[in-house]
Amino acid sequence: MATIGEAADKYQPSTKTMNIADLDRVSIEMQIEEDSFEFTKNDETKVVTQEVIVIDEIKYRIPVTVKQQLKVLMEDNPELKFFKVKKSGNTKDDTRYQVIPLMNKI
């Protein structure tokens, strides 16, 4: 049985989508799924569609810039199997992603 502190540390909200940058390592073989959700702003409901990978029932959003950078890396390194993503910035306007190739060994 876990302590409340351990349980809180492991807690992941079920409705929040994480970001691919939250993962230490991503395989290029991961399957992409389309996901959508609704939100209301100024009494107007909008539907957002996004691409995600799902690991242990947790969704991780894949920004378009990550796919763009990964494409370039794969063109120069067709043997690439794993990568990770570094994220900088905190707002929609200043967030940047950097895709980093990883060695194929686990």
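Considering only residues in segment 28-46 that are loosely packed, with under 14 Cβ neighbours inside 10 Å and modelled with pLDDT of 90 or more, the one that is farthest from N104 (Cα to Cα) turns out to be E34. Among residues of segment 49-62 that are in contact (Cβ under 8 Å) with a residue 12 or more places away in the chain and under 16 Å from E38 (Cα atoms), those with a beta-carbon under 6 Å from a residue that is among the hydrophobic types (A, V, I, L, M, F, W, C) and buried (at least 16 other Cβ atoms within 10 Å of the Cβ) at least six positions away or on a different chain give the pairs E51/I62; K59/V52; R61/V52.
Return yes when M74 is over 16 Å from the mean Cα position of the chain (by Cα) and touching a residue at least 40 places away in the same chain (Cβ under 8 Å) and no when it is not. Yes: the conditions hold for M74. Residue count for segment 1-27, restricted to those that are in a loop (DSSP other than H, G, I, E, B), modelled with pLDDT under 90 and within 29 Å of I100 (Cα to Cα): 7. All of K87, K67, K71 fail the test of being touching a Phe, Trp or Tyr at 6+ places or on another chain (Cβ under 8 Å) and either loosely packed, with under 15 Cβ neighbours inside 10 Å or within 14 Å of M18 (Cα to Cα) (or both), apart from K87.
The values are calculated or read from the model by the stated rules, or taken from the named source; none is laboratory data. Since the structure is predicted, the reported quantities are computational estimates derived from the model, not experimental observations. Note that we place each Cβ from the backbone using ideal geometry, even for glycine, and neighbour counts take in every protein chain shown.
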